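Notes follow the structure.
The values are calculated or read from the model by the stated rules, or taken from the named source; none is laboratory data. Bear in mind the structure is a predicted one, so any value in this text is a computation, not a measurement. Because the Cβ atoms are built from the backbone with ideal geometry, glycine has one as well, and the counts that use them run over all protein chains shown. All accessible areas refer to the heavy atoms of the entire protein, side chains included, with ligands and DNA or RNA removed. Shrake-Rupley method; radii C 1.70, N 1.55, O 1.52, S 1.80 Å.
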Amino acid sequence: MFTAECPSCGAKVSLRASASTTAVCAFCKSTLVRRADALERIGVQGELLEDYARVQIGTGGTHEGRGFSVVGRIQLRDESGAWNEWYVLFEDGSTGWLSEASGQYALTFDRGKAPGVATFEALAPGRPVTIEGERWSVTDRRTARCTAAEGELPFPVDSRWEARVADLRRDDRLVTLDWSDGDPPTLYVGRAVALEALAPTLLRSLAVVEETAGALEGGLQSLACPSCGAPVRYVPKLAANVTCRQCKSELSGRSEGLVLEVERADRAERPTWLALGDAGERDGERWTVIGILARRAAEDPQEWTEYLLYSPKAGFRWIVHASGRFQWVEVLNEAPEVAGAGARVRGESYTRNDAYDSITTWVAGSFNWRPKVGDRAHVTEFVRGSGDGRRTLTLERSDTEATWSLAVDAPAGPLGAAFGKAAAPKATAAVAATDGPKRSVRDLAVIFTIVLGVLSLPALLFSDDDLIGPAIVAVIALWAPLRLERDEDD
Ligand SMILES: [Zn+2]
Ligand SMILES: [Zn+2]
């Protein structure tokens with residue numbers, strides 16, 4: 001272990017891993033680089049974002065029989081969200097990286113430069129690439145910036161540091177190609193892991209995670225939308241990307257409150273089956289609805305609704321509600337194997353069912369990325385089983401990501417009961433939301449027109465001008481708002 005004084009504040013700073021060249025002073029946040037027996041200050045780190053990380057410096061664990069402890073961290077951010085790369089020191093002196101993103105984990109190991117593998121530009125999500133004789137599928141390609149770092153690291157980073165990385169997957173195995181220090185990329189090889197499988201010690205407590213992520217049990221924090229003034233409920237620090245339910249403006253949750261990013265003025269509020277802040281139990285966890293979006297297939301106006309759920313311990317899940325059917329959805333931390341018209345994951349085969357382009361049509365709440373109205377994804381579905389036991393394996397491809405998710409059909413009754421809803425709605429929530437309120441006004445208008453028509457009939461017959469005028473005015477008054485609503489829709 002190398003120990004020296006911080007040249008800025010005099011605090012004792014240690015480097016435990018022999019591969020470490022850089023340390024961030026825990027007291028003054030100076031970025032320090034090792035030079036022979038001393039540390040040289042090359043800058044100062046920004047503030048780490050408070051996030052929902054379970055891991056922290058000092059967290060221990062075991063991977064494939066080897067003990068490790070977490071000694072450093074780089075916090076990264078791009079337009080889609082923020083995540084952590086934890087620098088891990090094993091008891092045999094070797095090092096690795098534990099990535100923590102949206103409640104999913106992977107451990108990878110530096111395998112050095114990989115000349116001629118691929119170019120960053122060529123790695124389109126969903127595309128197969130051969131590395132060391134094996135076929136891998138690109139799941140992610142992004143350019144991110146370092147928000148801040150802490151602990152010790154094998155290279156210096158600061159806010160100017162840009163990570164250009166692509167992830168490729170094959171089953172639960174993962175390859176990361178990193179162009180951060182130019183071409184050729186550095187190859188990291190490893191696998192997706194479940195946090196519990198690492199037998200972790202000294203995790204941040206769930207109470208602390210919940211506290212920093214916003215008091216979820218007590219509902220979401222509520223602040224006025226800076227664009228339209230409507231109350232916006234969101235999860236501070238957990239999901240920095242927020243969309244106002246009322247005007248659809250895109251907002252950022254920052255320490256100073258909600259900041260307007262993109263202003264919109266579509267004042268179409270829509271009721272949904274579950275509301276932001278609703279919570280329910282499933283699989284032994286308590287889930288809170290933090291985001292809601294509606295989507296439709298490109299060739300079909302029928303919308304469906306998707307609810308993003310969060311649990312501090314288990315991460316994220318989705319409830320998808322389409323045509324009276326509910327699905328409980330988990331985003332996979334592994335890439336199923338696709339062959340011909342089938343796909344295989346966790347030892348089970350699925351049959352290709354459907355493929356279409358989807359368009360996001362409505363967004364509200366907080367997300368772990370920034371969804372927008374008009375977002376397009378290419379969706380391929382594979383199914384297994386039927387009835388209530390039906391499961392759907394879905395691949396969604398956008399320009400930056402290829403995401404696999406596994407959905408189980410969830411009977412409406414128990415699901416509704418779990419979330420405190422007496423009964424699930426019969427129609428698709430999104431469609432009901434579009435038609436419901438209008439239909440009731442329209443029905444009222446039809447009834448009144450008939451009633452007034454009947455009432456004015458004698459007036460017409462008997463030429464009583466005193467009644468015809470008010471009757472016509474009443475009919476116009478009732479139908480006028482419907483006209484207006486239809487015009488707004490166009
Ligand atoms: Zn210092
Ligand atoms: Zn607003």
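The GluC sites (Glu not before Pro) of segment 1-49 meeting both criteria, a DSSP state outside H, G, I, E and B (loop) and at most 11 other C-beta atoms within 10 angstrom of the site's C-beta, are E47. Placing pseudo-labels 7 Å out from each Cα toward the beta carbon at E50 and T119 gives an inter-label distance of 4.5 nm. The overall shape of segment 274-345 is oblate: from the C-alpha gyration tensor, with semi-axes ordered a ≥ b ≥ c, the ratio a/c is 1.5 or greater and a/b is no larger than b/c. On a per residue basis, segment 208-426 carries 43 Å² of accessible surface, using protein heavy atoms and a 1.4 Å probe. Fully extending the segment from A19 to A36 would add 4.7 nm, taking 0.36 nm per residue of separation and subtracting the current Cα-Cα distance. The HN-Hα couplings worked out from phi for segment 352-358 by the Karplus form 6.51 cos²θ - 1.76 cosθ + 1.60 (θ = phi - 60°) are 4, 10, 7, 9, 7, 9, 10 Hz, whole numbers, x standing for Gly and Pro.
Normalised per residue, the accessible area of segment 2-204 is 44 Å², obtained with a 1.4 Å probe and no contribution from ligands, DNA or RNA. I need the shape label for segment 150-195. Rule: rounded when a/c is under 1.5, else prolate if a/b > b/c, else oblate, with a, b, c from the alpha carbon gyration tensor. Because a/c hits 1.5 or more and a/b fails to exceed b/c, segment 150-195 counts as oblate.
Amide H contacts under 5 Å for R390: D409, restricted to partners 5 or more places along the chain or on a different chain, H placed in the peptide plane at 1.01 Å from N. Note on exposure: V232, V44, V331 ranked by accessible area (1.4 Å probe, complete protein assembly) read V44, V331, V232, with the most exposed listed first.
Between R325 and R391, what is 0.36 nm times their sequence separation minus the Cα-Cα distance? Round to one decimal in nm. Spell out each step's value before the answer.
Details: separation 66, 0.36 × 66 = 23.76 nm, distance 1.24 nm.
Once the chain is fully extended between R325 and R391, it gains 22.5 nm.
Compared with the direct C-alpha span, the chain from F2 to A339 gains 116.2 nm at full extension, assuming 0.36 nm per residue. Prolate is the label for segment 247-396, because a/c, from the alpha-carbon gyration tensor with a ≥ b ≥ c as root eigenvalues, is 1.5 or above and a/b exceeds b/c. Take the Cα of D92, step 7 Å along the line toward its Cβ, and report every residue of segment 14-43 whose backbone nitrogen sits under 20 Å from that point. Only 16-20 fall inside the zone, counting backbone N under 20 Å. Restriction of the GluC sites (Glu not before Pro) in segment 77-135 to DSSP coil positions whose beta-carbon has at most 14 other beta-carbons within 10 angstrom yields E79, E91, E132. With a simple spin-label model that places each label point 7 Å from the Cα along the Cα-to-Cβ direction, the separation between A26 and S222 comes to 4.1 nm.
Quick one: compute the contact order of segment 208-426, relative version, from alpha carbon pairs under 8 angstrom and 6+ residues apart, as a percent. Before the final figure, lay out each step's value.
Working: 495 pairs, mean separation 35.7, N = 219.
Reported relative contact order: 16 percent.
Which order, highest average first, do 332-342, 170-180 follow once you tally other Cβ atoms within 10 Å for each residue and take the mean per peptide? It would help to have the intermediate numbers written out before the result.
Working: 332-342: 16.7, 170-180: 19.5.
Highest mean packing first, the order is 170-180, 332-342.
Computed over protein heavy atoms with a 1.4 Å probe, the carbon and sulfur contribution to the accessible area of segment 270-397 reaches 43%. Under 5 Å from the amide H of Q56 lie the amide H atoms of R204, each residue being 5 or more positions distant or on a separate chain, with H modelled from the backbone and absent for Pro and chain starts.
Just want to confirm a number: the relative contact order over segment 256-329, from Cα pairs under 8 angstrom separated by 6+ residues, in percent.
On the way: 100 pairs, mean separation 13.3, N = 74.
Rounded, it is 18 percent for segment 256-329.
Taking only protein heavy atoms and a 1.4 Å probe, the accessible area of segment 2-204 is 49% carbon and sulfur. A simple rule links phi to the HN-Hα coupling: the Karplus curve 6.51 cos²θ - 1.76 cosθ + 1.60 with θ = phi - 60°, which for segment 227-232 gives 8, 10, x, 5, x, 10 Hz, with x for Gly and Pro.
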